[in-house]
Every structure is written in structure tokens, then in C-alpha cells.
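Engineer: Sharing a structure, written as C-alpha cells. Questions coming.
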């Protein structure tokens, strides 16, 4: 079954939670439960699941962003701080707001920031990507890594990103995507569906949450379809770059 086939039409008032159809009103709660469960072992699981490659992907994201000077950044779904800390290292004068819908993930990030003595120019807020508690045109850059596939209405999250960006501001998203090589795709499916939930059960004592995370990847639009959604939200100069054969992809757009 292809990624597009899996997405399929949805019933009115329903959305997908992995491969399961659920009432739209329930998805935020279900996603919150997943990340509350995995938060204490989230960073460890990222290293185990990707053999550390997620670090290279995140480095590539911040390299493409190329943050400089005293810019203001909203790192949405920033959770444990991986992207924010990289931006902080590259641009010490930047003001970075780490936002996430999940308080447990933010707690992990704040604790890491304290442990690493990152007390300046970082702030933390619990927010929903679909309804940001921020004024119009207030940030220079909006970053989101491995978070947008979990929102209920991707179009609304993109609209909010466009709203809070200043004219000339940058949208940059890192997300799992569609593998381009058939042989790699077959191996990736086997690894994702057979091994990752088992690793999640052993390490995080929660195989079901990691099964959802795998399913949510397969439901996410492929590179071209997601690029089209970003353009439809009003962004210009939309581009994407595949990472590791399309296992992940970076999408960039500008509020012109």
C-alpha cells in the first residue's frame, strides 16, 4: 500500500491517528498521551531508532537555516530542545521560543537547558501549533522538526506559521517522508513495523506509542504533496531536500 493510498478519504468529523480513524476532537488528547509516555526516553529512543542519524538530520536543518545575529525564532514542537540548542550554538544572540503542546516534553527540554547552563535567550511555552498564542508578524524564523505530522489539521498549522512570521521570514520543517529507493523502502518498512515497536517496548516500555509514530509517518504527505501544502498556505520559494534517501526531508518556504 502506498503512502497516498494509506491517507485515503476521511469521514466527516474524523481524522487519522496512525492507521486508526478517530474523532477529530480526540486526536490532541491521544497524541499528548503518546508523548507524555515517551518523554523520559525520547532522546535515547531517537538515538536507538536512527543509529544516531537524526543528529545529522538536525544539523543539516540548522545549517540550511543558517541563523545569524539577534533573530527571533519560534521552534514549534521543540520539546526536548534539540533544534533550539543547535540554533543557540550557531547564533548566541538569537531569541528562541521553544513551544510544544506537551508539557512533559517541555519539561525534559527545560531540564536539559538547565543541565547545559543554557539560561539566556531561551524561553518555553505550551502551545498548540494550530492556534499559536502569539501576535502577527513577530518572528524571523519558524522551525518544526518531527512534529507537524502529529497535528490534526496540517493546513491550519501552516497558516499559523505564515501568520506569525515577519515578511521575509523563513519556514523550515524537518519531517519523515517518502523513501525514493524501492529496495531501501522495503527494508525501511520491515525495520519500522517489525523492529521499532519492539525496541520501544523494551526501552520505553511502550510499544504501542512507537507503533503509532511509525504509522503517522506513513500517513504524512510525500515531499511534493507537502510542498504543495506549504505553497497553498502562502509561502514562496518553496523547496525541499531529501535526507538519507527520503527517509526524512527538509522543506523550506518564505513569507514574501
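Engineer: Which whole-number percent gives the relative contact order of the chain, counting Cα pairs below 8 Å spaced six or more residues apart? Walk me through the numbers before you get to the answer.
Structural biologist: Values: 453 pairs, mean separation 52.0, N = 256.
Contact order relative to length: 20 percent.
Engineer: Taking every alpha carbon pair in the chain, what does the distance histogram look like in 10 angstrom bins from 0, in percent?
Structural biologist: For the chain, the binned pair fractions read 7, 31, 40, 19, 2 percent.
Engineer: Go through 33-40, 224-231 and give me the packing order, highest mean Cβ count within 10 Å leading.
Structural biologist: On the way: 33-40: 18.1, 224-231: 16.6.
Packing order, densest peptide first, comes out as 33-40, 224-231.
Engineer: Then there is this: So how much slack lies between residue 89 and residue 114, counting 0.36 nm per residue of separation and subtracting their Cα-Cα distance, in nm?
Structural biologist: 7.5 nm is the gain from fully extending residue 89 to residue 114.
Engineer: Quick check on region 59-209: of the DSSP beta bridges with both residues there, what percent are antiparallel, nearest 5%? Walk me through the intermediate numbers first.
Structural biologist: On the way: 1 of 21 bridges.
Looking only at bridges with both residues in region 59-209, the antiparallel portion is about 5 percent.
Engineer: If you take every DSSP beta bridge whose two residues both sit in the chain, what share of them, in percent to the nearest 5, is antiparallel? Each step should come with its number before you reach the end.
Structural biologist: Working: 18 of 38 bridges.
Within the chain, antiparallel bridges account for around 45 percent of the total.
Engineer: Moving on to the next point. Points 7 angstrom from Cα along the Cβ direction at residue 241 and residue 155: gap in nanometres?
Structural biologist: About 3.0 nm separates the two model spin labels.
Engineer: I would also like to ask the following. With the contact rule set at Cα under 8 Å and sequence spacing of 6 or more, what percent relative contact order holds for region 177-232? Numbers along the way, then the final one.
Structural biologist: Working: 31 pairs, mean separation 20.8, N = 56.
Averaging sequence separation for qualifying contacts and normalising by length gives 37 percent for region 177-232.
Engineer: Moving on to the next point. Nearest 500 deg cm²/dmol is fine: what mean residue ellipticity at 222 nm does the chain get from its DSSP H runs of n ≥ 4 alone, each adding -39,500 (n - 2.57), divided by its residue count?
Structural biologist: Numbers: 11 runs with 116 residues, N = 256.
Calculated mean residue ellipticity at 222 nm is -13500 deg cm²/dmol.
Engineer: Additional query: For region 22-172, what is the convex hull volume of its Cα atoms per residue in Å³?
Structural biologist: Numbers: hull volume 16.1 nm³, N = 151.
Taking the convex hull of the Cα positions in region 22-172, it is 107 Å³ per residue.
Engineer: Continuing with the same structure: If we sort 85-93, 208-216 on the protection proxy, mean other Cβ atoms within 10 Å, highest first, what's the order? Before the final figure, lay out each step's value.
Structural biologist: Values: 85-93: 17.9, 208-216: 20.2.
Top of the packing list down: 208-216, 85-93.
Computed from the coordinates by the stated procedures, all read-outs in this text should not be read as laboratory data. These numbers come from a predicted model, not from an experiment. As a convention, Cβ positions derive from the backbone with ideal geometry for all residues, glycine included, and neighbour counts pool all protein chains shown.
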